[in-house]
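The values are calculated or read from the model by the stated rules, or taken from the named source; none is laboratory data. This one's a predicted model, so the numbers in the text were calculated from it and none came from an experiment. Counting neighbours? That spans all protein chains shown, and the Cβs are built from the backbone with ideal geometry, glycine included.
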Amino acid sequence: MSATPVSAASVWADVVGQDRAIAPLQAAVERPAAMTHAWLVTGPPGSGRSVAGRAFAAALQCPEGGCGQCHACTTALAGTHADVTVLATEKVTIGIDEVRSLVATAHTSPTEGRWRVILVEDADRMTERTSNLLLKSIEEPPPRTVWILCAPSAEDVMVTIRSRSRHVNLSVPDPEAVAQLLVDRDGVEPDLARECAYAAQSHIGMARRLARDSDARARRSQVLALATEIRGVGDAVLAAADLVKVAEDDAAAATAERDIEERNSLLRTLGADDGGRLPPALRSQVKQLEEDQKRRATRHKRDVLDRAIVDLLSLYRDVVCLQVGATVPLVNESHRGHISDLAGRTTLADSMRCLDALALTRERLAGNVSPLLALEAMALALRPRTAA
Ligand SMILES: [Zn+2]
């Protein structure tokens, strides 16, 4: 991180290990006359796409070009700046009405800032019809409007939008840079920060969560232990059930508090007192909310299971590294004992077979297979075939 061209106080401080991607954004801030009106910020999950998007928005509004301290910077970063509109969604697709409203906003002049900035965090979640609506606005941009579109990769947005945007690609940050961020910003103890940055494979949000939450670390260790503990069919079935239970508990913990808040806020909006009786005419709205919340919990559970499989993939990757004698750092250094045990009592072919089984399970979970069935099949496939 010593080569960072920006001061620790600047808006770019949290955009970890992305100096190459930041350079064109900062150059645009410094040369407003040559502004590109649509930007496409891409990068793998956890690389900080939306953090980079917000930093760029703040830098555009800041009289100093992104000091990180002034009112423009702090409000833009917090998402409360009057001229920065952020569309973040948890839905599978962005609604056409949401984009219609953004387009209308895009055509108004900034009220206090230098630019009217519209940030779409998941631009890949638009249907073709919605994308076309957005395209029209990007094709004829008002002079002081800047669109910032974020997506996992350029291929995830329509080619016509891509061709009218300037593309900035974030890379997977160096785990050492992620560890340094955890130390500097979250006050995490350096050894733990390093362990978590590697374990999360540089996914910044995941690394932070592991570092702050010992339960999350314990759950991850439990998942990794699966690989070494499954010996027979009985173990495998039990392990699969455990994993589903862990995911359900995690989903419940992550969504429970928010569900109640949303429900109370809806009831207030509807004019019903907390805990009071609801007129029949309003019940359908509450029911709709409950259904949305249920879908969110289901998706969260699937995300947790997917993460568990990614963790297991990282473990077998480490096993393979030891089996072929590669001298690269292990993702799961703190589990080296188990990994080297597994590497010693299985063959490279076994490890490859396990990696394939895990990849197949990911595909099945992404489809509509019952998580329990998919995980049982996975756990059975992970049983060691070769005796020591
Ligand atoms: Zn500033």
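From the list Cys67, Cys73, the lone residue that is in a loop (DSSP other than H, G, I, E, B), within 11 Å of the ligand (Cβ to nearest atom) and either modelled with pLDDT of 95 or more or outside the structural domain of Arg208 (by TED's automatic domain parsing) (or both) is Cys67. Of all the criteria given as (1) of a type in the set (Asp, Glu); (2) more than 16 Å from the ligand (Cβ to nearest atom); (3) over 23 Å from the mean Cα position of the chain (by Cα), the one not satisfied by Asp19 is (3).
Each row is one residue, and each column tells you yes or no for (1) surrounded by fewer than 16 Cβ atoms within 10 Å (Cβ to Cβ); (2) part of a loop (DSSP other than H, G, I, E, B); (3) under 30 Å from the mean Cα position of the chain (by Cα).
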site: Gln285; (1), (2), (3): yes, no, yes
site: Arg296; (1), (2), (3): no, no, yes
site: Lys301; (1), (2), (3): no, no, yes
site: Leu305; (1), (2), (3): no, no, yes
site: Asp318; (1), (2), (3): no, no, yes
site: Cys321; (1), (2), (3): no, no, yes
site: Leu330; (1), (2), (3): no, yes, yes
site: Ser340; (1), (2), (3): yes, no, no
site: Ala349; (1), (2), (3): yes, no, no
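Among residues of segment 287-298 that are among the basic types (Lys, Arg), those with a beta-carbon under 9 Å from a residue that is part of a helix (DSSP H, G or I) at least six positions away or on a different chain give the pairs Arg296/Ala251; Arg296/Thr255; Arg296/Arg258; Arg296/Asp259. Checked against (1) more than 23 Å from Val84 (Cα to Cα); (2) in contact with a strand residue (DSSP E or B) (Cβ under 9 Å, 6 or more places away or on another chain); (3) hydroxyl-bearing (Ser, Thr, Tyr), Ser163 passes all but a single condition, namely (2).
Filtered by the rule that a residue be within 29 Å of His300 (Cα to Cα) and crowded, with 16+ Cβ neighbours inside 10 Å, segment 64-91 gives Ala76, Leu77, Val84, Thr85, Val86, Leu87.
Number of residues in segment 134-152 that are of a type outside the set (D, E, K, R) and either farther than 18 Å from Arg54 by Cα or touching a Pro at 6+ places or on another chain (Cβ under 6 Å) (or both): the value is 7.
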